[in-house]
């Protein structure tokens, strides 16, 4: 089901749609006291959560370099799963003070606001740009080999490939002028 929805709605529509569906599930839980309707709300939330996970995990695996997959996944899980206990404690305080419906209503409103924010910030172009950048990683090229200088530039394969191969003195001089002071590539490429 998640793959079918993703094919129909794309990355942006899937992220926003899954958040909206989660919001609708919490709103349904806030609005009812009937067990059957509450069960439908829980099922709706389960569908939304699976849809969210399929889309975001697939995207993350597509754009994060293989050598960093473990680190990124563990950081993602630390934030997402690590906050569950804090959320449960905060939810318990809200329920004790205001009741269960207030908690469900607050969750629906927060997720609705998050969906609006995601719609504004995440457009189809940003997803496409991330996929393109991941498919064509930058290659760091050391331009100045003289003592005391560690000047690097980056080239995207396929862009200005002739210039990158020739490494003309003009390109080296321009890059040197941009990085005087010993700048270097990211630590992972040293």
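Values as computed for the structure displayed
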item	result
Separation between Cα centres of the stretch 90-129 and the stretch 34-69, rounded to whole Å	15 Å
Three-way shape call for the stretch 1-149 based on the alpha-carbon gyration tensor, with the a/c threshold at 1.5	prolate
FRET E, pair residue 124, residue 69, Förster distance 22 Å, beta-carbon r, rounded to 0.05	0.35
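No lab work stands behind these numbers, since they all come straight from the coordinates. Just so it is clear, the structure is predicted and the values come from calculations on it, not from any experiment. In this analysis, Cβ positions are derived from the backbone assuming ideal geometry, glycine residues included, and neighbour counts consider all displayed protein chains.
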